[in-house]
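Structure, as structure tokens:
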Amino acid sequence: MTEDNRIRYKPQTFAAPDGTEMVILKAADYVRLKRLSREEDEDIADALKALAEIRDGAGTMPGEVLNRILDEGLTPLAAWRRYRNLSQAALAHRAGLSQVWISRIERGGGYGSRETRRKLAAALDAPLWALEDE
């Protein structure tokens, strides 16, 4: 579907017998909205979990990691990896990813999907939020 077709399409609206305003839309639009809603729910759950960890004192960043980010200019992923004394290959193996992808993320050449960041955080025993701003 082109952008032009999306602009011309207007969902139909009608009132249900109880007065509730209803909308009829294309099935593809419904599927897309449902997927976006699930992603938003996951983001909210991740944020609430991070807030709880911060409140509980868990999931904080060690000073050594922060110093490597600020003083050495490392990405958060590289700083955590070095803090855990892991090679890129060892981290890739633990996270089930390729060493090439780890290297690319560390160089700032990509962020990886949310699932990739989750795998990396688990492999590094680091809070997910600490890898979000790469």
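The values are calculated or read from the model by the stated rules, or taken from the named source; none is laboratory data. Since we're looking at a predicted model, the values are computed, not measured. Methodologically, a virtual Cβ is constructed for each residue, glycine included, from the backbone with ideal geometry; neighbour enumeration extends over all protein chains shown.
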Can you run down the residue pairs with Cβ atoms below 7 Å, 6 or more apart or on separate chains, where the first is in region 86-109 and farther than 19 Å from I69 by Cβ and the partner is hydrophobic (A, V, I, L, M, F, W, C) and crowded, with 18+ Cβ neighbours inside 10 Å?
-> A92/I102; R94/A123; A95/L120; A95/A123; S98/A92; Q99/A92
Only one of (1) of a type in the set (A, V, I, L, M, F, W, C); (2) closer than 17 Å to L131 by Cα; (3) outside the structural domain of P127 (by TED's automatic domain parsing) is not met by W101, so which one is it?
-> (3)
Could you list, in sequence order, all residues of region 60-99 that are hydroxyl-bearing (S, T, Y) and assigned to a helix (DSSP H, G or I)?
-> Y83
Which numbered condition T60 misses (of (1) farther than 20 Å from E39 by Cα; (2) of a type outside the set (D, E, K, R); (3) touching a Phe, Trp or Tyr at 6+ places or on another chain (Cβ under 7 Å)) = (3)
Reported set for region 113-133 where residues are free of Cβ contacts under 8 Å to residues at least 12 places away in the same chain and not aliphatic (A, V, I, L, M) is S113, E115, R118
